[in-house]
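Please read the structure below before turning to the comments.
Read the figures in this text as sums done on the coordinates, not as results from a lab. Just so it is clear, the model here is predicted, and its values are computed rather than measured. Glycine also receives a Cβ, built like all others from the backbone with ideal geometry; neighbour counts cover every protein chain displayed.
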Amino acid sequence: MLIDFQGGEENLSQAMTTYSELIEKWNPTPLLLNGVASCHMHQLEKKDSLKLAEKELLKALEKVLEPCGVQLTDSVSEPL
């Protein structure tokens with residue numbers, strides 16, 4: 001999937017909608033969660049965008065570690 005982040009707010013909004021639809025249809029995967037995090041990171045002017053990106057990245061990491069039986073604790077992330 002190719003998402004054009006250079007097109008401004010409209011493209012970011014469309015990307016978020018696309019990722020949300022794919023997550024709803026196929027469940028969250030690390031790839032889709034990373035895409036959502038990328039969208040948040042491209043919206044740095046919005047309050048809490050980095051916090052939202054971090055949340056999505058941690059979800060993606062949990063998905064990767066889940067088959068190994070490894071669980072993240074809430075203390076993994078330091079406050080930004």
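Which residue, Leu50, Leu22, Leu58, has the most motion in a Gaussian network model of the chain that connects Cα atoms within less than 10 Å?
Judging by the Gaussian network model, the answer is Leu22.
About its Cα centre, how strong a charge dipole does the chain have in debye, to the nearest 20, once Lys and Arg get +1 and Asp and Glu get -1 at the Cβ?
120
Summing Lys, Arg as +1 and Asp, Glu as -1, what charge do residues with Cβ under 15 Å from the Cβ of Gln14 carry, Gln14 excluded?
-4
What value, in deg cm²/dmol to 500, does the helix sum -39500 (n - 2.57) over DSSP H runs of n ≥ 4 give at 222 nm once divided by the residues of the chain?
Rounded to the nearest 500, it is -19500 deg cm²/dmol.
Dipole of region 1-74 (Lys/Arg Cβ +1, Asp/Glu Cβ -1, origin at the Cα centre): which of Gly8, Gln71, Asn34 lies farthest to the positive side?
Gln71
Using the Karplus equation 6.51 cos²θ - 1.76 cosθ + 1.60 (θ = phi - 60°), what ³J(HN,Hα) coupling, rounded to whole Hz, does each residue of region 28-43 give in order, writing x for Gly and Pro?
x, 10, x, 5, 5, 5, 5, x, 4, 4, 4, 4, 4, 5, 7, 10
How would the chain be classified by its alpha-carbon gyration tensor: rounded, prolate or oblate, with rounded meaning a/c under 1.5 and the a/b versus b/c comparison settling the rest?
oblate
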